[in-house]
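Engineer: This is the structure, below, for whatever I ask next.
Read-outs: derived from the displayed coordinates by stated rules, not from any lab. Just so you know, these numbers come straight off a predicted model, no measurement behind them. Using ideal geometry, Cβ is built from the backbone for each residue, glycine included, and neighbour counts are taken over all protein chains shown.
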Amino acid sequence: MTGCFNLTESKNWCYRSTFGRSGLRSSTTDLKDGTIMHCWVPKTRVESKPNLLLIHGLGANALWQWGDIIRHLTPFFNVYVPDLLFFGGSYTTRPERSDSFQAQCLMRLMEANSVQRLSLVGLSYGGFVGYSMAVQHKEMVERVVLCCSGVSMEEKDLKEGLFPVALEEAVNILVPQTPDRLKELLGFTLSKPAMVAWLPSCLLIDFIDAMCRDHVEERRELIIAIAKGRKLSDLPRISQPALLVWGERDQIFPLELAHRLKKHLGDNAELVVIKNTGHALNVEKVKDFYSVLKSFLIELKPPAFAGSPYPTSRNKS
């Protein structure tokens, strides 16, 4: 729109440049079943480095959700950053919408890139996908980080008022098509929603046009599929060391779900709560977020067993 700075295009350019300077390149893989997967992969893979898979959540593509932290991780890992199905350059003609199917596609993508062992970090919806990968491929997935990911939710939670809005309303907010809906989404994901009140509609429309217009119905179906028939008693316990990272003020997946998942996984998992932040901790508290990832993935500190010094919360500003 005229008279309004194209922030989305500028940020896209910046993030692409950041990924390129961090040693990654854009790659597209045809899985030969009607599924195309786009992924940022190492320009040159270093065999002595471990592999790390970063799985984004709903709202935007992989560039936007990992752009602020990617440069901190590539010195230590061969990093792979895919677009999930119906985001960025990834899509399928197949009818499956489950997180299990997303996980299968990511695993096939990793196999196509000759990745045999990896650790993973999943943001929000990406955590559902990452958890499913860890369940389905125990021999391949080494360590698991789930960030503000309500894997422990149950379908009945929607009826019992755990979430601030009903499912139908949540779908419309999580796949925003108007500036007001996008403001609602930002209000739920950020700990200080007043920060978005000043944003002009032209900037919001620009973001929606770039990030939210494609595959609208498919994305809505992904959200609906998350909760359908979900029960904690049916959730397999993963055997890999797991780190749960949560924003203290998360409104999308309330902190109660973090404690529920920690209890479900037992001593195999550690819960770290980052103070004074909401669902978008990867945006609001980048330094704290990286510090937590570094402890678990680079320094290889174990989950909290008796006497472990590993932190259970972070309180940095």
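Engineer: Among Gly266, Val175, Gly229, flag the residue with its Cα farthest along the positive direction of the charge dipole of the chain, charges on Cβ as +1 for Lys/Arg and -1 for Asp/Glu.
Structural biologist: Going by the charge dipole, the pick is Gly266.
Engineer: Averaging sequence separations of C-alpha pairs under 8 Å and six or more residues apart, then dividing by the length of the stretch 105-221, give the relative contact order as a whole percent.
Structural biologist: So the answer I get is 18 percent.
Engineer: Eight or more residues apart or on different chains, and alpha-carbon atoms under 28 Å: count the Lys pairs in the stretch 149-246 matching that.
Structural biologist: The number of close lysine pairs in the stretch 149-246 is 9.
Engineer: In terms of the Cα gyration tensor, with a ≥ b ≥ c the square roots of its eigenvalues, is the stretch 1-56 rounded because a/c is under 1.5, prolate because a/b exceeds b/c, or oblate?
Structural biologist: It is oblate, given that a/c is not under 1.5 and a/b is not larger than b/c.
Engineer: Here's another thing I want to ask about it. Tell me the relative contact order for the stretch 188-297 as a rounded percent, counting alpha carbon contacts under 8 Å between residues six or more apart.
Structural biologist: The normalised contact order for the stretch 188-297 reaches 33 percent.
Engineer: Please give the peptides 86-99, 241-254, 157-170 ranked by average Cβ packing (other Cβ atoms within 10 Å per residue), highest first, as a rough proxy for protection.
Structural biologist: Descending packing order for the listed peptides: 241-254, 86-99, 157-170.
Engineer: Suppose we keep just the DSSP beta bridges with both residues in the chain; what percent of those would be antiparallel, to 5?
Structural biologist: 30
Engineer: By the scheme Lys and Arg +1, Asp and Glu -1, what is the net charge of all other residues having a beta-carbon under 13 Å from that of Asp68?
Structural biologist: Within the 13 Å Cβ shell, the charges total +2.
Engineer: If you average the C-alpha positions of the stretch 106-182 and of the stretch 9-56 separately, how far apart do those two centres end up, in angstrom?
Structural biologist: The distance from the Cα centre of the stretch 106-182 to that of the stretch 9-56 comes to 19 Å.
Engineer: Quick one: work out the % antiparallel among DSSP beta bridges in the stretch 1-144, nearest 5.
Structural biologist: The antiparallel proportion sits near 55 percent.
Engineer: How would you rank Glu284, Glu139, going from fewest to most other Cβ atoms within 10 Å of each one's own Cβ?
Structural biologist: Sorted ascending by nearby Cβ count, the order is Glu139, Glu284.
Engineer: Related question: For the chain, what is the relative contact order in percent, using Cα pairs closer than 8 Å and at least 6 residues apart in sequence?
Structural biologist: 17
Engineer: Take peptides 45-51, 17-23, 112-118 and line them up by average Cβ neighbours within 10 Å, highest first, as a rough protection proxy.
Structural biologist: So the peptides 45-51, 17-23, 112-118, ranked by packing, come out 17-23, 112-118, 45-51.
Engineer: Can you sort His38, His72 by how many other beta carbons sit within 10 Å, fewest first?
Structural biologist: Starting with the residue having the fewest Cβ neighbours, the order is His72, His38.
Engineer: Right, another one. From the square roots a ≥ b ≥ c of the eigenvalues of the alpha-carbon gyration tensor of the stretch 1-131, which class results: rounded (a/c under 1.5), prolate (a/b over b/c), or oblate?
Structural biologist: Taking the square roots of the gyration eigenvalues as a ≥ b ≥ c, the stretch 1-131 is oblate.
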